[in-house]
Structure formats: structure tokens, C-alpha cells
1. In terms of the Cα gyration tensor, with a ≥ b ≥ c the square roots of its eigenvalues, is the range 61-185 rounded because a/c is under 1.5, prolate because a/b exceeds b/c, or oblate?
2. Mind listing the Cα extents of the chain along all three principal axes, in Å, largest one first?
3. Can you give the FRET efficiency for residue 74 and residue 186, using 1/(1 + (r/R0)^6), R0 = 41 Å, r = Cβ-Cβ distance, to the nearest 0.05?
4. Just want to confirm a number: the relative contact order over the range 104-223, from Cα pairs under 8 angstrom separated by 6+ residues, in percent.
5. With the crude spin-label approximation of a point 7 Å out along Cα→Cβ, what separation in nm comes out for residue 195 versus residue 116?
6. If you take the Cα Rg of the range 1-102 and divide it by 2.2 N^0.38 Å, with N the number of residues, what do you get?
7. Rounded to the nearest Å, what's the spacing between the alpha carbon centres of the range 1-60 and the range 93-159? Just the number, please.
8. Relative to the longest principal Cα axis of the chain, at what angle does helix 179-193 sit, 0 to 90 degrees, rounded to 10?
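What follows is calculated from the coordinates using simple rules that are stated; it is not laboratory data. What you see is a predicted model, and the numbers here were worked out from it, not measured in a lab. A quick note on method: Cβ atoms are made from the backbone with ideal geometry, for glycine too, and the neighbour counts reach across all protein chains shown.
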């Protein structure tokens with residue numbers, strides 16, 4: 001428990017150090033930026049959203065299973081069951097993934113993850129919202145300078161717009177009071193209003209409607 005005269009405990013400092021060690025060899029996709037910057041930003045958004053210390057710690061560790069070879073057990077042993085379960089809830093792979101190992105196909109992971117959000121605890125969704133809000137805002141800022149930056153991502157601009165839109169729709173329903181949900185929505189609106197996205201949309205169709213139909217178009221094309 002955090003002493004009443006302190007804003008955070010030694011556990012948070014320990015989690016920050018462990019997260020930095022786990023991800024020290026990783027950078028943001030297609031950029032020289034150290035990956036730890038994303039984890040710190042997510043944790044900060046959780047704090048700013050009224051989250052607890054456990055939720056902020058989970059923000060630091062939310063990719064530890066997916067990208068750093070950790071497991072529910074290894075996280076629970078250090079930071080307890082609540083933190084470990086939030087990290088599991090933020091993970092879209094099936095079990096730990098060793099750094100550099102090939103993951104399951106992007107669309108399979110994302111559709112499974114979207115379906116799971118309706119059943120997850122609000123505390124886990126608060127971390128998810130922070131994660132997606134920071135990623136989306138980062139993508140938007142990169143795309144303002146270079147619209148081709150969407151090519152760094154597995155699904156490109158069209159798939160990314162669908163995924164972020166669907167995440168925002170669910171979070172708006174589950175945790176509408178979240179600041180991160182609001183930030184994510186603002187990023188999604190900028191993506192859909194961008195010239196790059198509008199060039200993908202057939203005349204006479206609203207960008208949000210076109211984005212929502214992405215999965216059906218992919219399935220109609222056979223995957």
C-alpha cells in the first residue's frame with residue numbers, strides 16, 4: 001500500500017525499472033524511438049484518467065506477455081494477481097510470445113480481441129483505452145507529416161481505421177467517462193477525415209460507414 005504522504009509506492013518504481021529492462025532492445029514500429037516511451041505514456045494516461053496504482057503498473061507492463069516473453073505467473077509473482085490479469089486482458093496473443101517470434105495473423109488477433117472487450121473489467125479497459133489512445137495519437141501525428149507512414153502497420157490505413165473505430169465504439173459504451181476514450185475518438189475522427197483515408201472511400205459513402213465495413217470486405221475477398 002502506498003504511504004499517505006507519497007503519490008506512488010516503490011512498487012511503481014520497480015515496475016518502471018522492470019519494464020525498461022524487458023523492452024530495452026525494442027523501438028516503436030518503423031521509428032528510432034525507444035519502446036519504453038509508449039509504456040510510460042500509457043501509464044501516464046492511466047494515472048490521468050483516475051486509475052489506481054495497480055492499473056498504472058499494468059500500463060507499464062501491458063506488452064510484457066505479447067512482446068517480452070512474460071506470463072501471467074511471472075507478472076503475478078512480482079506485482080500481484082490484479083496487475084497480471086489486467087496485462088492478460090490487454091494481450092491479443094495466445095500466451096507468451098518470445099521477442100522477435102512470429103505472431104498469429106493480425107486480423108485473427110484483432111477480431112478475437114474486439115470480441116473479448118465486452119466481457120472485461122473496467123480496470124482492464126482503462127488500460128486498453130490508454131494504450132489505443134496513445135497509439136492512435138502517435139499514428140495521427142506521424143501521418144500529418146508523412147501520410148505513407150500507415151504502410152508501417154500490418155493492416156495499413158484502411159485496416160487500422162476499422163480497428164481503432166471498433167475499439168472506440170466499444171469503449172464509448174463501456175467506459176464513456178474515460179479521458180483516454182475521448183482522446184481515442186478524436187484520433188479516429190482525424191483519421192477518417194484525412195485526405196489519405198477519403199481517397200479510399202467510394203463517392204457517396206460516409207468514411208465511418210466505409211470503415212465499419214472493412215471486415216466484411218476482407219471476408220468477401222477470402223481473407
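1. Working: a/c = 1.83, a/b = 1.27, b/c = 1.44.
Cα axes put the range 61-185 in the oblate bin.
2. Computed over the Cα atoms, the extents are 59, 36, 35 Å.
3. Taking R0 as 41 Å, the efficiency between residue 74 and residue 186 is 0.70.
4. Values: 92 pairs, mean separation 35.7, N = 120.
RCO, the range 104-223: 30 percent.
5. 4.0
6. Working: Rg = 13.3 Å, N = 102, 2.2 N^0.38 = 12.8 Å.
Taking the Cα Rg and dividing by 2.2 N^0.38 Å, one obtains 1.04.
7. Taking the Cα centre of each part, the range 1-60 and the range 93-159 sit 18 Å apart.
8. Taking Cα atoms only, the helix is inclined about 20 degrees.
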